[in-house]
Amino acid sequence: MKNLLIRFSVLCLAIATVSCSKDSSGSKTFTPKVSAIDVAKIVPAGMQNAKPEAYAMISEMSGYMAMPAAFMQNPHGKTGTTSGTWTEGEYTIVYSYGDNGTQYNFNYVGTNAQGQQVFTIAGWELMDGTAGSWDYTINASAIGNDPSLGNFNVSFDWNTNTQGGYHFDMAFNMGDLGYHYVMNTFGNLSGNIAISSGAPLVQTDYIEWTATAGTWTDYTTDPATVTSWTNN
């Protein structure tokens, strides 16, 4: 987990650089529904005190899901096919955007002042906000980090479920490191998350919770370690 957070900070750096981008036209902008979901608010608040490590792992998903939102600034509203360019700091962002009557489709490419491609992001979201997907790639060497890291790739799929919650599936490919998160939440504040890592991927953690309690299975020990808690 520590290695993932260190490398993932590279992606966050690029996001932070453009997260304050504004559309000067004052028109409506497209922002994916999923970027507004605060995972910390759809899990039991008592988990934060009772099992802070588990709570932190889950709440971090909010930040990961919000990554592409900074780039989804469509100055021409939410209908029709559009494209354009804007700049923010040293980055130039070229986008294309449209909808087919049932889903939004978007594509963004960012380059730095030297003309190097820094990131690409492409995805879709159903217009009723019930499902979506995006793929994000960043060139680590183009933002001044270790060139040996190469490209980082993140794919994310999500949908609502019939129990008033969400299904999230996020995969990280960082060269010699791979991570996979699968999380389900439900309207009664219960849920679960499975985490895998390595190459090939091997499950390392499984956390399951209800509104009042939870269980964490750590598969990195032999035998697996199971801990339980009661929410405060």
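Is it true that Asn153 is open to solvent by less than 60 Å² (accessible area, probe 1.4 Å), assigned to a strand (DSSP E or B) and in contact with a Leu (Cβ under 9 Å, 6 or more places away or on another chain)? Lay out the reasoning, then the answer.
Numbers: open to solvent by less than 60 Å² (accessible area, probe 1.4 Å): yes; assigned to a strand (DSSP E or B): yes; in contact with a Leu (Cβ under 9 Å, 6 or more places away or on another chain): no.
No: the conditions fail for Asn153.
Among (1) farther than 27 Å from Ser96 by Cα; (2) open to solvent by 70 Å² or more (accessible area, probe 1.4 Å), which single condition is Tyr166 missing?
Failing condition for Tyr166: (2).
Between residues in the stretch 47-76 that are farther than 14 Å from Ser35 by Cβ and hydroxyl-bearing (Ser, Thr, Tyr) and residues that are at pLDDT 70 or above and open to solvent by 20 Å² or more (accessible area, probe 1.4 Å), which pairs lie under 6 Å by C-beta distance while being six or more apart or on different chains?
Tyr55/Gln48; Ser59/Ala40
Let me confirm something: among Asn139, Asn159, Asn173, which residue is out of contact with any Cys (no Cβ under 6 Å at 6 or more places or on another chain) and within 20 Å of Ser59 (Cα to Cα)? Steps first, answer last, please.
On the way: Asn139 fails: within 20 Å of Ser59 (Cα to Cα); Asn173 fails: within 20 Å of Ser59 (Cα to Cα).
Only one candidate passes the filter, namely Asn159.
Return the residues of the stretch 182-200 that are part of a strand (DSSP E or B) and over 16 Å from Thr220 (Cβ atoms); say none if nothing qualifies. Give the derivation first.
First pass over the stretch 182-200, keeping only residues part of a strand (DSSP E or B): 182-185, 191-198.
If the condition is that a residue be part of a strand (DSSP E or B) and over 16 Å from Thr220 (Cβ atoms), then Val182, Met183, Asn184, Thr185, Gly191, Asn192 are the ones that fit.
Residue pairs, Cβ under 7 Å, 6 or more apart or interchain, first in the stretch 177-203 and open to solvent by 20 Å² or more (accessible area, probe 1.4 Å), second among the acidic types (Asp, Glu). List them.
Matching pairs, first to second residue: Val182/Asp169; Asn192/Glu208; Ala199/Asp176.
Which members of the stretch 124-150 meet the condition of being out of contact with any helix residue (DSSP H, G or I) (no Cβ under 7 Å at 6 or more places or on another chain), assigned to a strand (DSSP E or B) and either modelled with pLDDT under 90 or on the phi > 0 side of the Ramachandran plot (or both)?
Thr137, Asn139
What's the total number of residues in the stretch 48-67 that are surrounded by fewer than 18 Cβ atoms within 10 Å (Cβ to Cβ), within 15 Å of Asn192 (Cα to Cα) and modelled with pLDDT of 85 or more?
1
The values are calculated or read from the model by the stated rules, or taken from the named source; none is laboratory data. As the structure is a prediction and not an experimental result, all values here were calculated from the model. Positions of Cβ are backbone-derived with ideal geometry, glycine not excepted, and every protein chain shown enters the neighbour counts. With ligands, DNA and RNA removed, areas are computed over all heavy atoms of the protein, side chains included. Shrake-Rupley method; radii C 1.70, N 1.55, O 1.52, S 1.80 Å.
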